[in-house]
Amino acid sequence: MSVAEGIGLAMVAGLCGVVFGALAAMVVVLQDRRQAGARHRRADAYVRWLAARLALSRACAAWVASTRALANERPESAYFDLRKEEARRARNQWYEALHELDLARVSLVILAGDTSLRSQLTRLGGIDADLIRTAIQADNPKWEQLMERLRAADVEAVQFVETAMIDGKRKDRGMETCLTRTVHLGRSIFRHWTKPGS
């Protein structure tokens, strides 16, 4: 093989390496963009679920407080109708918050693609109905117990979402490392094939 043929072969090999490297980089970049969009949608779903969970907690506390206030109000009082309307509005807001939480839970399970989330979200999203019922009774001391339970559940829900976000960032760093290694590998292959005497 003559020197001209060797140079031509090296140039063709280098050009093929550049083309294949560019194609591989393009595929990796497109895949990364697609995954970044999916990660963003998952993060939004986690945030929506947490907001719905915290809203349900507040709605529950408002419903119980307004119902207890209504129970303590005498029917002949000038404030009775106002208390009654307030309790009705708080109950409706609780039902709406419960509905929003259900929608957010379904959305999160679908976007995360992890069926094991279902049981975690059910456990974190639930508020004990028996405790609500007993806390509503005006003469029952379980009101404070319900409030403590709601606060603890809110903290647990926030920690759950924070952990999920941290895990998502770790996966992102893993993808960045893979992309960096692919680019370095492409560069080294290109250098090897374009090096004189290869």
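The values are calculated or read from the model by the stated rules, or taken from the named source; none is laboratory data. No experiment lies behind these values; they were computed from the predicted model shown. Glycine also receives a Cβ, built like all others from the backbone with ideal geometry; neighbour counts cover every protein chain displayed. What goes into the accessible areas is simple: the full protein's heavy atoms, side chains included, and nothing from ligands, DNA or RNA. Shrake-Rupley method; radii C 1.70, N 1.55, O 1.52, S 1.80 Å.
Checked against (1) closer than 28 Å to D130 by Cβ; (2) open to solvent by 90 Å² or more (accessible area, probe 1.4 Å); (3) not acidic (D, E), L82 meets all criteria but (1).
Only one residue in A104, A90 is surrounded by 18 or more Cβ atoms within 10 Å (Cβ to Cβ), touching a Ser or Thr at 6+ places or on another chain (Cβ under 9 Å) and assigned to a helix (DSSP H, G or I), so which one is that? So that I can check it myself, show each step before the final result.
Values: A104 fails: touching a Ser or Thr at 6+ places or on another chain (Cβ under 9 Å).
The conditions single out A90.
With respect to the stated conditions, G113 fails to be at pLDDT below 80, surrounded by 19 or more Cβ atoms within 10 Å (Cβ to Cβ) and under 26 Å from the mean Cα position of the chain (by Cα).
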